[in-house]
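Peer 1: Below is a structure I'd like to ask you about.
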Amino acid sequence: MSNPSEHPTHHTRPQQKGASPFKSSQAEFWDERYASVPWAYGQEPNDFLRQELDVLRSTWGHFTGRRALCLADGEGRNGVYLAQLGFEVTSLDFSDQARQKALQWAQTCGVALQYTLTDLNAYDFNSKDSREGEMVGKTWDLIVAIFFQPSKPTRERLYAGLNQALGAQGHFILETKHERSSPESDRYPGLATLARDIEPLQVVTGQECARELNEGPYHQGMHEVTQLHAKKMA
Ligand SMILES: C[S@@+](CC[C@H](N)C(=O)[O-])C[C@H]1O[C@@H](n2cnc3c(N)ncnc32)[C@H](O)[C@@H]1O
């Protein structure tokens, strides 16, 4: 079993010369990762996301014109896939390297992708500052968080806002690594913790399991994960 830890621990790294004074060492960690390999997590969408979108398609019929928000979308493999399905997609991440690669990938695929550089530690779903012009006051049909593994305070604060950020019958799809053996770990929660964090969204399907990841060089081999698909109640 490979180590699930995948977040920077060197928070005190000095600011690089020429770097934005606002760029955190965490964002620099991710910029370096994305600059080091062609596709850190591959170009295929996450397979749990793809599976749950197939379920959603049978409910919604099609996705054209529906609005999707991809939290921590990285190089855009999931955002681009959603755009290819017909969603109007906004991706958020704080890595500029990732953003540039995602926008290039979207262009290559011939789809539109709105990609905003944002530190999700300070993000508010409903603030005007965090919404693009015509999106102010609107809600999302789908919010996606694939291997976004924030600290517990950020996770609790953000996920408590999901219900308000989603429109009627809106859905939330998440996969995260799960650290079963370290209950004090706050970045890799299990299903019970996540189900509580997202209340009052209702869990459609969810599980903790060990599964084989084959998503680019950084997601290979057996990993413990938590998968969750939830929806907003009418
Ligand atoms: C493991 S990668 C997953 C990327 C993408 N979701 C995927 O599945 O390919 C985690 C991502 O979270 C982003 N991230 C981590 N903390 C963040 C924060 N506070 N604000 C914005 N993005 C963050 C990183 O830049 C990175 O792109």
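Peer 1: If Asp96 meets every condition in (1) surrounded by fewer than 22 Cβ atoms within 10 Å (Cβ to Cβ); (2) at positive phi; (3) in contact (Cβ under 8 Å) with a residue 24 or more places away in the chain apart from one, which number is that one?
Peer 2: Evaluating Asp96 over (1) surrounded by fewer than 22 Cβ atoms within 10 Å (Cβ to Cβ); (2) at positive phi; (3) in contact (Cβ under 8 Å) with a residue 24 or more places away in the chain leaves (2) as the failure.
Peer 1: Another question, then. Restricting to strands (runs of 3 or more DSSP E) lying wholly in region 151-234: which have 3 or more residues that are in contact with a Gly (Cβ under 8 Å, 6 or more places away or on another chain)? Before you say what the answer is, go through the steps one by one.
Peer 2: On the way: elements: 166-177, 202-215, 219-231.
Once the strands (runs of 3 or more DSSP E) in region 151-234 are filtered for at least 3 residues that are in contact with a Gly (Cβ under 8 Å, 6 or more places away or on another chain), what remains is 202-215, 219-231.
Peer 1: What's the number of the condition Leu49 fails, among (1) buried (at least 21 other Cβ atoms within 10 Å of the Cβ); (2) farther than 18 Å from Leu174 by Cβ?
Peer 2: The number of the failed condition is (2).
Peer 1: Quick check: is even one residue across region 67-85 among the acidic types (Asp, Glu), within 15 Å of the chain's Cα centre (by Cα), under 21 Å from Glu215 (Cα atoms) and within 13 Å of the ligand (Cβ to nearest atom)? Lay out the reasoning, then the answer.
Peer 2: If we filter region 67-85 for residues that are among the acidic types (Asp, Glu), which is where we start, we get 73, 75.
Restricting the remaining residues to those that are within 15 Å of the chain's Cα centre (by Cα) gives 73, 75.
Those still in the list that are under 21 Å from Glu215 (Cα atoms) too: 73, 75.
Adding the requirement that they be within 13 Å of the ligand (Cβ to nearest atom) leaves 73, 75.
Within region 67-85, one or more residues are among the acidic types (Asp, Glu), within 15 Å of the chain's Cα centre (by Cα), under 21 Å from Glu215 (Cα atoms) and within 13 Å of the ligand (Cβ to nearest atom).
Peer 1: Find the residue count for region 208-234, including only residues that are farther than 22 Å from Glu44 by Cα and either of a type outside the set (A, V, I, L, M) or crowded, with 16+ Cβ neighbours inside 10 Å (or both).
Peer 2: So the answer is 4.
Peer 1: Something else: Give me the residue from region 89-115 that is within 21 Å of Val37 (Cα to Cα) and in a strand (DSSP E or B) and, out of that set, farthest from the ligand (Cβ to nearest atom).
Peer 2: Tyr115
Peer 1: Given the conditions (1) more than 25 Å from Arg57 (Cα to Cα); (2) part of a helix (DSSP H, G or I); (3) touching a helix residue (DSSP H, G or I) at 6+ places or on another chain (Cβ under 6 Å); (4) not basic (Lys, Arg), and given that Asp124 satisfies all but one, which numbered condition is not satisfied?
Peer 2: (2)
Peer 1: Now for a separate question. Select, from Gly170, Gly133, the only residue that is modelled with pLDDT of 95 or more and either within 25 Å of Leu85 (Cβ to Cβ) or within 16 Å of the ligand (Cβ to nearest atom) (or both).
Peer 2: Gly170
Peer 1: Among residues belonging to region 78-128 that are charged (D, E, K, R) and out of contact with any Ser or Thr (no Cβ under 6 Å at 6 or more places or on another chain), point out the one that is modelled with the lowest pLDDT.
Peer 2: Applying the filter and picking the extreme gives Lys128.
The values are calculated or read from the model by the stated rules, or taken from the named source; none is laboratory data. Fair warning: this is a prediction, and the values are worked out from it, not measured in the lab. Neighbour counts are summed over all protein chains in view; Cβ atoms, including those assigned to glycine, are modelled from backbone coordinates with ideal geometry.
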